[in-house]
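The values are calculated or read from the model by the stated rules, or taken from the named source; none is laboratory data. Remember, predicted model here, so these are calculated numbers, not experimental data. For neighbour counting, all protein chains shown are included, and Cβ atoms are generated from backbone atoms with ideal geometry for every residue, glycine included. SASA here: full protein model, heavy atoms, side chains in, ligands and nucleic acids out. Shrake-Rupley method; radii C 1.70, N 1.55, O 1.52, S 1.80 Å.
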Amino acid sequence: MTHILIDGSNLDKYEALLLKFEKDIFTGAFPDPDERESFTEDIIPRIKDSDNPLLHTYCVLTTDKQNVIVGGLVADWYPTCGCLEIIYITVDPSRRGEKIGKSLLNEGIDLIKSALEARGEAINAIFLEVDIPTAVSSTGNSMEPTERLMVWDAWGAKRIPLNYTQPPLSEGKQAVSNLMLMCLTGHGTGVEDSLPGELLKDFLKDFYKGLGAEDSEYLDNMCEDIDIITENDQ
């Protein structure tokens with residue numbers, strides 16, 4: 001397997017490959033339009049804007065020995081708080097069971113980490129969203145929700161005890177409340193058993209601001225919940 005990091009420096013070379021990944025694998029894996037961004041309108045412009053001080057995006061594509069795309073990962077980087085969010089990771093349904101996903105995640109994070117280190121930046125925490133199994137059902141080519149949660153648990157992701165709401169990803173889309181927010185342990189971040197409440201709040205504020213939703217009531221409520229959780233843990 002070959003893992004290809006795509007950022008602002010090589011986007012011109014790989015843009016067509018990204019669009020093929022979107023068409024052949026990505027769209028079927030994320031059938032809910034409120035949870036799925038457009039590569040042309042959303043993801044690729046963020047990759048191009050690699051000097052944005054608030055947010056920019058990295059992609060990692062995995063190809064096999066025949067140079068066929070078998071999986072891909074999309075991650076948003078928030079420089080201010082030093083947090084990375086794995087926003088999408090998916091593997092060709094016909095290739096599941098070959099441990100491509102785990103390799104894609106680990107190698108993808110290593111590639112992104114190296115790119116950030118070259119810019120003098122370091123990852124403080126890695127976040128991701130996962131469907132709440134009782135709130136959704138499997139559709140399209142997506143993995144069954146309970147199975148997906150078990151996979152993330154095996155990969156070291158821990159659920160954050162928070163009533164989480166994802167803001168609308170773009171104009172015309174709806175906020176999503178059937179997701180749980182998780183933190184990926186290890187990978188050199190220092191986050192293992194506990195996550196600093198202030199770091200979590202900083203990430204959520206940057207995340208919402210990046211989507212133009214910094215004045216959201218959802219954000220205010222989550223920050224209040226984090227303060228309560230933090231006080232109870234002291």
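Side notes on the structure shown:
- Reported count of residues in segment 14-62, each being assigned to a helix (DSSP H, G or I), of a type in the set (Val, Ile, Thr) and within 19 Å of Arg148 (Cβ to Cβ), is 2.
- Within segment 68-107, the residues that satisfy the criterion of being under 20 Å from Gly28 (Cβ atoms) and part of a helix (DSSP H, G or I) are Pro93, Ser94, Arg95, Ile100, Gly101, Leu104, Leu105.
- Output for segment 76-104, where each listed residue is closer than 27 Å to Asp51 by Cα and in contact with a strand residue (DSSP E or B) (Cβ under 6 Å, 6 or more places away or on another chain): Asp76, Trp77, Cys83, Leu84, Glu85, Ile86, Ile87, Tyr88, Ile89, Leu104
- Per-region count, segment 183-233, residues modelled with pLDDT under 90, in a helix (DSSP H, G or I) and among the acidic types (Asp, Glu): 4
- Taking every residue in segment 66-83 that is within 15 Å of Leu19 (Cα to Cα) and in contact (Cβ under 8 Å) with a residue 40 or more places away in the chain and pairing it with any residue that is open to solvent by 10 Å² or more (accessible area, probe 1.4 Å) and part of a loop (DSSP other than H, G, I, E, B), at least 6 positions away or on another chain, the pairs with Cβ-Cβ distances below 9 Å are Ile69/Asp92; Val70/Met1; Val70/Asp64; Val70/Asp92; Val70/Glu98; Gly71/Met1; Gly71/Asp92.
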